[in-house]
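Any read-out appearing in this document is the output of simple, stated calculations on the displayed coordinates, not a laboratory observation. What you see is a predicted model; the values in this text were computed from it and never measured. Using ideal geometry, Cβ is built from the backbone for each residue, glycine included, and neighbour counts are taken over all protein chains shown.
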Amino acid sequence: MSENLTMKIIREHMISTADNVRPGEEVLVKVDHTLTQDATGTMAYLQFEAMGIPKVRTRVSVSYVDHNTLQTGYENMDDHVFLQTFAQKHGVYFSRPGNGICHQVHLERFSEPGYILLGSDSHTPTSGGAGMLAIGAGGLDVAVAMAGGPFGMPMPKVVGVKLTGKRQPWVAAKDIILEMLRRLTVKGGVGKVFEYHGDGIEDLTVPERATICNMGAELGATTSIFPSDHITLSYFKRQNREKMWRELGPDEGARYDELIEINLSELEPLIAQPHSPDNVATVRSIQGLKLDQVCIGSCTNSSFHDLAIAGHVLRKKRVAQNVQMTLTPGSRQVFATIARNGILADIISAGARILESACGPCIGMGQAPKSGGISLRSFNRNFEGRSGTPDAKVYLCSPETAAVSALRGILTDPRDFEGDYVTEKEPEVYDTNDTGMIIEPSEDPDSVEVVRGPNIKPLPIRGPLEEKMEGKVLIKVGDNITTDHIMPAGSKILPLRSNIPAISEFVFIRVDPDFPKRAKENNGGFIVAGANYGQGSSREHAALAPMYLGVKAVIAKSFARIHRSNLINFGILPLRFADEADYELVSSFDELIIDDVQKQLQSGSEIVVRIGSGREIKTVCDVSERQRNILFSGGLLNHIKHSQAEEGSTVTQSAVEAAGHLGESTMVSSNGQFRPGKPHEVTSSGRKDGESA
């Protein structure tokens with residue numbers, strides 16, 4: 001049978017040998033690469049430590065610092081020192097603050113076609129632009145993968161997205177993914193991988209493909225992927241990594257579960273309006289909107305092309321007086337390149353502010369708009385309050401639209417720009433000297449002391465699943481509740497990521513400021529929600545902090561994939577209304593009771609919930625056997641420890657194997673540890689790799 005690219009990679013990495021795994025059924029895959037960023041990494045590495053394994057067993061693991069770089073107190077830098085010393089001791093590469101945003105740097109310096117990358121950030125699919133199957137997950141899943149264990153996910157449907165035609169000038173890759181969101185909504189990709197193919201992909205460079213894959217996370221997709229072809233090879237040559245390249249694509253006549261076709265010739269500049277990435281309109285239809293702020297950057301749009309087109313538009317001009325404009329190079333490499341060829345000078349002369357190569361305003365880490373302000377951004381999310389200003393209105397667009405609009409001071413279709421559309425020529429070879437910016441693991445790990453600041457607290461772990469659950473509905477929320485709603489980010493809260501007792505005080509505060517107090521006063525309870533609960537960021541703190549507050553179960557119409565996995569990993573029951581109409585029967589502060597929890601969970605997927613002493617409603621907990629055992633144990637770490645305890649020894653690799661039900665022979669080999677600028681060893685597959693990172 002002719003296979004698509006996604007299934008080729010999944011089958012090559014499947015732990016199970018079953019050929020008949022159907023979409024929705026759990027599949028276990030071995031992981032080649034992992035990445036963490038500093039807002040999720042500290043917790044992931046504390047979890048890795050709890051497994052008692054001295055060195056990561058992945059092919060490549062990289063720790064990036066790009067989120068918590070605004071150092072208004074000691075907490076962030078303390079975390080950075082912990083991350084650096086941990087990486088050196090345990091075999092992880094460390095990308096220093098200032099080296100760039102994790103997804104941009106991983107694409108440039110580490111991506112490898114045909115491998116599986118698991119990252120503790122929802123925008124990990126960025127590397128799908130280079131032919132990787134790159135998947136976002138919670139930090140605990142990444143910790144298990146670093147320990148050599150498998151990653152479990154529902155087998156996705158594979159949606160073929162056929163691109164035809166060629167874009168007109170001023171139509172960007174960002175407009176392609178905005179068109180996907182316009183058609184499918186933020187729930188349209190749940191349980192799916194979007195695989196792009198067709199003649200139209202010839203019109204897209206690797207960074208442009210990465211933009212599409214990056215923002216595919218807003219569809220709720222498992223991931224997105226492009227083939228590795230001659231365009232990928234050209235990019236790898238510019239990165240001095242051509243020996244890392246291999247050609248990969250779907251078979252001729254490959255079959256897909258669904259098909260979508262987009263004629264690029266018919267696309268026009270698009271924009272996402274507040275407060276959702278799928279609230280998409282044409283720029284032309286709403287142009288004229290007066291702007292207060294324009295920001296170009298984020299992991300979606302901070303490549304050389306993105307900043308070069310901004311430089312072209314701004315050259316010998318000035319940003320409108322009513323607009324504050326910022327630009328963020330996605331990596332040190334991009335920053336250095338625009339500095340050398342004069343683009344940076346053009347941007348500065350136009351009156352724009354240059355930010356460091358980090359996430360910055362995308363995650364509310366600085367550059368909050370004015371109260372009630374209108375901010376135009378080339379970012380991926382515009383959830384209410386995410387910018388740091390509760391009543392700001394954030395619009396998402398391409399760098400082309402953003403740059404032209406910044407000059408006019410109003411939202412402007414970039415096709416109305418007075419000059420021609422000109423793209424700067426990329427360097428034949430980028431600056432690929434990583435020395436000092438990507439720090440290799442120590443060759444003498446025993447000599448490295450892991451440094452822990454006072455803000456780094458021990459991991460909270462709950463006990464095993466109760467026989468009976470009872471408690472109040474602590475909060476009832478509607479559809480499309482994001483992890484930003486549950487566990488906000490921003491400069492005040494993000495520094496507490498390694499301190500669960502402290503960060504738990506902020507759970508749901510943007511929805512209900514009394515939630516943390518109420519949860520503690522009632523010894524925990526239940527959350528009731530609408531559809532797509534937990535969309536957005538992969539932040540496991542949106543499950544970990546509620547677990548710390550005693551949340552026992554979430555009853556929702558449906559869940560976002562990553563958040564549902566995080567709930568299971570921390571022992572919180574993810575219950576789905578069997579009849580969505582029953583959502584209306586449950587109110588805030590209702591007393592809920594679940595009798596014989598373990599017995600009900602063991603006997604099937606139906607869980608009966610009593611509302612006080614009155615009526616019963618049916619819910620569904622459709623989990624795999626592995627996930628059921630994790631819930632019985634009270635979370636994944638408990639499950640690993642219990643599995644090991646049954647064997648009568650300490651927590652070691654065999655515990656990780658037990659967590660995934662796999663044997664020694666299926667573990668990812670530790671050979672071929674990735675060293676920038678040094679030759680690779682032969683991997684477990686026996687294939688030799690190239691020299692440069």
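The distance from the alpha carbon centre of the stretch 381-430 to that of the stretch 283-340 is 6 Å, rounded to a whole number. Pairs from the table (K457/K641; K157/K618; K187/K393; K468/K520; K30/K641) lying more than 26 angstrom apart at Cα are K157/K618. Report, to the nearest 10°, how far helix 206-215 tilts away from the longest principal axis of the Cα atoms in the chain, using its own Cα long axis and a range of 0 to 90°. The answer is roughly 40 degrees. I need the shape label for the stretch 551-602. Rule: rounded when a/c is under 1.5, else prolate if a/b > b/c, else oblate, with a, b, c from the alpha carbon gyration tensor. Oblate shape, in that a/c is at least 1.5 and b/c is the bigger or equal ratio.
Candidate cross-link partners of K162 among the lysines, defined by an alpha-carbon separation under 16 Å and a same-chain spacing of 8 or more, comprise K192. When both bridge partners sit in the chain, DSSP labels roughly 35% of those beta bridges antiparallel.
Per-residue Karplus couplings for the stretch 232-249, computed as 6.51 cos²θ - 1.76 cosθ + 1.60 with θ equal to phi - 60°, are listed in order as 5, 4, 4, 5, 5, 5, 5, 8, 6, 10, 4, 6, 8, 7, 8, 7, 8, x Hz, Gly and Pro entered as x. Sorting T6, T389 by the number of Cβ atoms found within 10 Å of their own Cβ, with the fewest placed first, yields T389, T6.
Working ranking of peptides 526-537, 50-61 by packing, defined as the average number of other Cβ atoms within 10 Å per residue, highest first, is 526-537, 50-61. In percent, rounded to a whole number, the relative contact order of the stretch 177-283 is 32, using alpha-carbon pairs under 8 Å and six or more apart.
Once C-alpha pairs closer than 8 Å and six or more residues apart are averaged by separation and normalised to the residue number of the stretch 469-623, the relative contact order reads 25 percent. Electrostatic tally near G385: other residues with Cβ closer than 12 Å to its Cβ, Lys and Arg +1, Asp and Glu -1, net +1.
Using 0.36 nm times the number of residues separating A578 and E12, minus their current alpha carbon distance, what extension gain do you get?
Details: separation 566, 0.36 × 566 = 203.76 nm, distance 3.57 nm.
Length gained, A578 through E12: 200.2 nm.
Here the dipole of the stretch 5-266 is about 380 debye; that uses its Cα centre as origin and unit charges on the Cβ of Lys and Arg (positive) and Asp and Glu (negative). The Cα atoms of the stretch 469-623 give a gyration tensor whose axes a ≥ b ≥ c have a/c of 1.5 or more with a/b greater than b/c, which makes the shape prolate. From least to most packed, judged by other beta carbons within 10 angstrom and beginning with the fewest, W245, W170 follow the order W170, W245. Among I201, I348, sorting on how many other beta-carbon atoms sit within 10 Å of each Cβ, with the fewest leading, yields I348, I201.
Remark: the chain carries a charge dipole of roughly 1160 debye about the Cα centre, counting +1 on each Lys and Arg Cβ and -1 on each Asp and Glu Cβ.
FRET efficiency for the E606 to D257 pair, using the beta carbon distance and R₀ = 22 Å, is estimated at 0.20.
Any idea what log10 I(q)/I(0) is at q = 0.10, 0.11, 0.14 Å⁻¹ for the stretch 5-266, Debye with uniform C-alpha scatterers and no solvent? Here the Debye-derived log intensity ratios amount to -0.49, -0.59, -0.94.
In terms of its alpha-carbon gyration tensor, the stretch 232-352 comes out oblate; a/c meets the 1.5 threshold, while b/c is at least as large as a/b. When only Cα pairs below 8 angstrom with a gap of at least 6 residues are kept, the chain shows a relative contact order of 16 percent.
Pairs of C-alpha atoms in the chain farther apart than 49 Å represent 9 percent of all such pairs.
Taking the Cβ of I135 as the centre, find all other residues whose Cβ is under 11 Å away and add up their charges (Lys, Arg: +1; Asp, Glu: -1).
Cβ neighbours under 11 Å give a net charge of -1.
Once the Cα atoms are used to define both axes, helix 74-90 deviates from the longest principal axis of the chain by about 80 degrees. Between helix 636-645 and the chain there is an angle of about 50 degrees, using the helix long axis and the longest principal axis of the Cα atoms. Extension gain for E25-K243 works out to 74.9 nm (0.36 nm per residue, less the C-alpha to C-alpha distance).
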